[in-house]
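Have a look at the structure below before the remarks.
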Amino acid sequence: MVDEDFVKRYRESVDLGEDNYSLIDESCVKPIKKDYTYWDDYWEDLVRYLKEKYKYTYGSQKKKK
């Protein structure tokens, strides 16, 4: 669940067009390569992890569009 302060900081970063790295989701658990038999499965989970962890940190993306 995202709190009100988080949403405020996210909107500010988007409005300013600046990245806010305090919005990184530290609760995400990184997949461990040795737990996977197939590299493709590990890669998919790693990409999903990175996308979820950093999805709110790039406020400058709106400015670039």
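The values are calculated or read from the model by the stated rules, or taken from the named source; none is laboratory data. Because the structure is a prediction, the values reported are computed rather than measured. Because the Cβ atoms are built from the backbone with ideal geometry, glycine has one as well, and the counts that use them run over all protein chains shown.
Name the residue that is farthest from residue 43 (Cα to Cα), counting only residues in the range 19-32 that are of a type in the set (Asp, Glu) and surrounded by 13 or more Cβ atoms within 10 Å (Cβ to Cβ).
19
Could you say whether any residue in the range 52-65 is modelled with pLDDT under 85, assigned to a helix (DSSP H, G or I) and among the hydroxyl-bearing types (Ser, Thr, Tyr)?
yes
Go over the candidates 13, 27, 22 one by one and state the one that is among the small types (Gly, Ala, Ser), at pLDDT 85 or above and outside any helix (DSSP H, G or I).
27
Of all residues in the range 1-34 being small (Gly, Ala, Ser) and out of contact with any Lys or Arg (no Cβ under 8 Å at 6 or more places or on another chain), which is nearest to residue 51 (Cα to Cα)?
Of everything passing the filter in the range 1-34, 27 is nearest to residue 51 (Cα to Cα).
Which one of these does residue 9 not meet: (1) more than 14 Å from the chain's Cα centre (by Cα); (2) more than 18 Å from residue 57 (Cβ to Cβ)?
Checking residue 9 against (1) more than 14 Å from the chain's Cα centre (by Cα); (2) more than 18 Å from residue 57 (Cβ to Cβ), the one that fails is (2).
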